[in-house]
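Right, one structure below, let's go through it.
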Amino acid sequence: MLLNGLFGGHSGNGPSRSGESSAEIRGKFHSAEARVLSAGHRTDLRLLLVGSLLPDIVDKPVGRLVYGTFGCWLFCHTLLFLLLVALAGLSVHSSRHKNWLLVIGFGVLVHLVLDQIWLDTQTLFWPIQGFSFPSVYRTGWEQGQLHGLLTSPKEYVPELVGAAILACFAWLLVHRGRVYTFIRHGQF
């Protein structure tokens with residue numbers, strides 16, 4: 001909805017009034033649902049999914065090749081990468097009026113937020129603080145990840161938030177009978 005507010009159509013809902021009837025509240029709920037579905041009509045949500053996975057799609061195999069482990073945050077987990085994707089997206093949007101690269105960039109931003117990348121400032125601000133990546137775990141990465149997912153709120157809360165978002169999205173697709181449309185066109 002945020003992307004469509006910036007680069008798509010606008011919805012004209014006024015401010016909430018006190019003393020609303022249940023019919024008015026239901027109408028606002030359906031209006032909010034309509035905005036979500038409208039966002040799904042104007043944006044290829046498959047690109048949002050790709051963008052949200054892109055840092056790991058690139059960095060994990062590169063980390064395996066270079067460092068011998070999948071446990072690392074490299075170039076695609078940096079602010080520099082996010083800025084490059086965003087600037088390229090703004091360029092494409094201003095010249096061709098297409099938002100596909102902005103959608104991917106927004107997915108990258110969501111990934112970095114859920115990874116809490118601000119806790120690793122050397123990676124986030126790479127290469128300003130040096131050219132090395134401190135988050136490379138050479139041994140025991142898999143066991144550490146599993147242990148963290150089971151015991152650390154810092155690990156499992158972002159994963160649960162992401163899972164809840166995907167579950168709501170999947171429920172909407174199934175509930176509306178739009179699974180095939182999403183797979184084929186990336187829209188609700």
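The values are calculated or read from the model by the stated rules, or taken from the named source; none is laboratory data. Remember, it's a predicted structure, so these values are computed and weren't measured experimentally. Neighbour counts run over all protein chains shown; Cβ positions are idealised from the backbone, glycine included.
A few comments on the model shown:
- Helices (runs of 4 or more DSSP H) lying entirely in segment 62-142 (those with 3 or more residues that are closer than 15 Å to G51 by Cα and of a type outside the set (G, A, S)): 79-96, 100-114
- Within segment 149-164, tally of residues that are free of Cβ contacts under 8 Å to residues at least 40 places away in the same chain, within 11 Å of Q116 (Cβ to Cβ) and surrounded by 13 or more Cβ atoms within 10 Å (Cβ to Cβ): 1
- Options T123, T78, T43, T69; residue that is at pLDDT 90 or above, surrounded by 14 or more Cβ atoms within 10 Å (Cβ to Cβ), of a type in the set (S, T, N, Q) and in contact with a helix residue (DSSP H, G or I) (Cβ under 9 Å, 6 or more places away or on another chain): T78
- Filter result for V92 (surrounded by fewer than 17 Cβ atoms within 10 Å (Cβ to Cβ) and either of a type outside the set (F, W, Y) or modelled with pLDDT under 70 (or both)): yes
- The set of residues from segment 168-188 being part of a helix (DSSP H, G or I), basic (K, R) and surrounded by 11 or more Cβ atoms within 10 Å (Cβ to Cβ) comprises just one member, R176.
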